[in-house]
Amino acid sequence: MRTPDRIRHPLLWVPSGYFTMALGYVMLTSVTAIMFKNIGMDNARAAAYSSMLIFAYTAKPLFAPIVEMYRTKKFFVLCMQVLIAVGFAGAGLAMSMPNWMVLMLALFVLMSFIGATQDIASDGVYVTSLDTRTQALYCGVQSLSWNLGPIVASGFLVYLSGRLHTEVFHHDPKVFGPDWMDAWRVIFFIVAAIVIVMAAWHARVMPDGARAENTPTNLRGAGHILWDSFVTFFQKRDVWKMIAFAFLFRVSIGMLEKIGPFFMVDSAAKGGLGLSNEQLGIIYGTWGLIAVLVGSLLGGMFVAKRGLKRTLFILCCAVNIPNLTFLALAVALPSDPWTIAAGVIIEKFFFGFGSVGYMIYLMQQLAPGKYTTTHYAFGTGLMGLCMLVTGMISGVLQEYLGYVSYFVAVMIATIPSFLATWFAPFHHDDGMGADSGVKAAAAANDPNVNHHAA
């Protein structure tokens, strides 16, 4: 029996759909790093293992045409959400088994591809079920809902892991080791329960999604479209300068993504700030992410008013210069949570403010052409590749240098970002045209802006 249209109102499935996407993504690519650290893994392995899970999300454009070919987009959303729930429950159960680390890592890698497929299908439902006007109307709802995912995962669930560890299982919060598995097993079961409830809800209220006009009907057609999109991408004028910008703009952010939380929870003896998981969840995972959201909204307004070409280098400064707060915290090692929170909020606010320019540049300069959507995905894929590479090397480099010297290296790593921004070409409307406000608002609301904020 067909579900009545009134039940399929976008407010019933857009918020829950994008929240579920974000919850799985952040749990896999960010929260796992904290979990690895808690159970006693060194920074090098913890950063590398969690960073490799970004690969599937980076490679989404390569298998997106295949997802489009079969069944409905809703079918893929529901299947992937059920599998994600099973995966998190399986990860929790794996912690009780011999060779649990191998089993858990294998599950996480598989789940990263499942999560990426869910993203493709969920975006497909949104784009094909809503007309252009309605898409714009719910753009802010989409973004807000996505950003609730990191707040719940990096904020509430990390906080809860600390409370469970100390108050329920009565373990020492200052000692990292296998005892932390008790708390994280419960967290994974909670995530599994949330996702399976979301899948049941979406089975009732989510529309099927329509087929796009250029949907391939077979693998050969999918391969032809993908190949043609690659060819036309590299035919763009000054494409290598744009690729350099897309890859290098977030180098310093990639170096901080995993190491920032490690620095927060490591003891003073190791050069860290000695925060508990509860404090990390509140300061880094909640207040920091709220600062990113506020910064993104103000950054979008700033670009809409002044135009991208005039502001892009200023936005690059906003992303990179406030990284000095981590160096200052590493030198001073304050014990006052409010001082630490102030440093995190400053860095995250300016990160959000400046990152809007990055997404608008991809929309306005890199994406336009025959395959606008696919080329935009290539740009965000380059961003993901940057985060993967920098995340993989960040732990090794930090352990070799120590925190103070590492944060000096982060500041040195901002130089390529400044150079790539200075030489970034502008061959299309620089943002001062009639649609500049729409593009700036869309970038401020783009979940990709904040994918790597936590």
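Accessible surface of segment 127-166, 1.4 Å probe: 65 percent of it comes from carbon and sulfur atoms. Using the Cβ-Cβ distance between Lys305 and Arg45 with R0 set to 60 Å, the FRET efficiency works out to roughly 0.85. Leu105 sits with roughly 30 Å² accessible to a 1.4 Å probe, with DNA, RNA and ligands left out of the calculation. Accessible surface area normalised per residue over segment 38-136 is 40 Å², counting heavy atoms of protein chains with a 1.4 Å rolling probe.
Surface composition of segment 80-125: carbon and sulfur atoms hold 81% of the protein heavy-atom accessible area at a 1.4 Å probe. Per-residue SASA remark: Thr372, around 60 Å² accessible (1.4 Å probe; ligands, DNA and RNA not included). Largest first, the residues Tyr49, Tyr57 sort by 1.4 Å accessible area into Tyr49, Tyr57. Surface exposure of segment 352-396, expressed per residue as accessible area with a 1.4 Å probe, stands at 26 Å².
The heavy atoms of Lys174 present about 140 square angstrom of accessible area, all protein chains included, probe 1.4 Å. Computed from label points 7 Å out along Cα-Cβ, the spacing between Trp227 and Val404 is 5.7 nm.
In the full protein context, segment 218-348 carries 42 Å² of accessible surface per residue, based on a 1.4 Å probe and ignoring ligands, DNA and RNA.
Membrane-span-like helices in the chain, defined here as complete DSSP H runs extending at least 15 Å along the helix axis by their C-alpha atoms with mean Kyte-Doolittle hydropathy no lower than 0.5, are 10-26, 73-94, 100-129, 181-205, 219-234, 288-306, 308-320, 337-361, 372-401; this is a sequence and geometry rule, not a statement about a membrane. For a test of understanding, tell me how many lysine pairs in segment 233-338 have Cα atoms under 27 Å apart, given they are 8 or more places apart or on different chains. For segment 233-338, qualifying lysine pairs total 4. Placing unit charges on the Cβ atoms only, positive for Lys and Arg and negative for Asp and Glu, gives the chain a dipole magnitude near 880 debye about its Cα centre. Residue ranking by accessible heavy-atom surface, 1.4 Å probe, largest first, among Val251, Val191 comes out as Val251, Val191. Largest accessible area first, the listed residues His202, His427, His171 line up as His427, His171, His202 when surface is computed with a 1.4 Å probe on the assembled protein chains.
The values are calculated or read from the model by the stated rules, or taken from the named source; none is laboratory data. Note that this is a predicted model, so its numbers are computed, not measured. Methodologically, a virtual Cβ is constructed for each residue, glycine included, from the backbone with ideal geometry; neighbour enumeration extends over all protein chains shown. For the accessible areas, the whole protein counts, side chains as well, though only heavy atoms, and no ligand, DNA or RNA atoms are used. Shrake-Rupley method; radii C 1.70, N 1.55, O 1.52, S 1.80 Å.
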